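Each value in this text was obtained by applying a stated rule to the coordinates, not by laboratory testing. Model, not experiment: these values are computed from the prediction. With ideal geometry, Cβ positions are generated from the backbone for all residues, glycine too; neighbour counts draw on all protein chains shown.
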Amino acid sequence: MIYVYGDSHAYTNFKKLPVPYIDHHQSNITMFRIGRDNRIINFNEQGEQHIICLVYGEIDCRCHIQKQINQGKDEDEIINELVERYVTTIHNNVTRYKAVIIVGVIPPTKQNDYESLNGPITHEYPFVGTDEDRVRYTAKVNQLLQRACEQHNYYYFNPHTHYTREDGTLQYEVSDKTVHLGDNSIFITKFMELYENIKKDTESIIR
């Protein structure tokens, strides 16, 4: 069984997955909160035969990293601590599994794309920092997530190049017209390729 944990992107990314899975997402949960509290929201240990997917970080890259920078904190220190505490929480809590998959952060939505359809930004979808800033934060977070997966023998899954413009922002035509994927077909296709590879990997270990 596949268990999916994360913010609202966990729901939108994995909808219509063609294999059995359980969605345990909870909206508006940040990567920072997971790391701070050493707790994955809605998580219960499942067992060695299950795949655990985690999808967090878009909210952090969209608003919270820049908020901390505005308070005088160093950009790289913020991001390094954010990812380190997040991965430490995963390591502390997810101890029995077939595979752990950490999903990379989706490309940031260009603020003008959002506002041209939805009007001026409200508190529901804050954008803090420039588009260029948020592209940079996302790239740094994803780089550290990939490195952490290599260190912990987790699977890093980031198919978002297929949804990314040359400037690093989200292709808005495939979005849900806010900050999520709308057309997630490529995400699902790439995930199923990873899923089949995981089955092969684990079968070869059993043999």
(message) Spelling out what I want: for every residue of region 86-103, take phi, set θ = phi - 60°, compute 6.51 cos²θ - 1.76 cosθ + 1.60 (Karplus), and round to whole Hz; glycine and proline get x.
(response) 4, 5, 4, 4, 4, 4, 6, 9, 9, 10, 10, 6, 7, 7, 10, 10, 9, 8
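Order the peptides 139-152, 56-69 from the highest to the lowest mean number of other Cβ atoms within 10 Å of their residues. If you can, show how the numbers build up before the last one.
On the way: 139-152: 17.2, 56-69: 23.2.
Ranking the peptides 139-152, 56-69 by packing returns 56-69, 139-152.
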(message) If the only charges are +1 at each Lys and Arg Cβ and -1 at each Asp and Glu Cβ, what is the size of the charge dipole of region 2-206 around the Cα centre, to the nearest 20 debye?
(response) 420 debye
(message) List the lysines whose Cα sits under 28 Å from the Cα of Lys177, skipping any in the same chain fewer than 8 residues away.
(response) Lys15, Lys16, Lys67, Lys110, Lys140, Lys190
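Of the DSSP beta bridges with both residues in the chain, give the percent that are antiparallel, rounding to the nearest 5.
In the chain, DSSP labels about 10 percent of beta bridges as antiparallel.
Decide, for region 92-207, between rounded, prolate and oblate: order the square roots of the alpha carbon gyration tensor eigenvalues as a ≥ b ≥ c, take rounded if a/c falls under 1.5, and otherwise choose prolate if a/b is larger than b/c, else oblate.
Numbers: a/c = 2.67, a/b = 2.01, b/c = 1.33.
Because a/c hits 1.5 or more and a/b exceeds b/c, region 92-207 counts as prolate.
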(message) Show me, for region 137-153, the HN-Hα J-couplings you get by feeding each phi into the Karplus relation (A = 6.51, B = -1.76, C = 1.60, θ = phi - 60°), rounded to Hz, glycine and proline as x.
(response) 4, 4, 5, 5, 4, 5, 4, 5, 4, 4, 5, 5, 4, 5, 6, 9, 6
(request) Quick one: check the C-alpha center-to-center distance for region 83-130 versus region 1-28, whole angstrom. (result) 14 Å
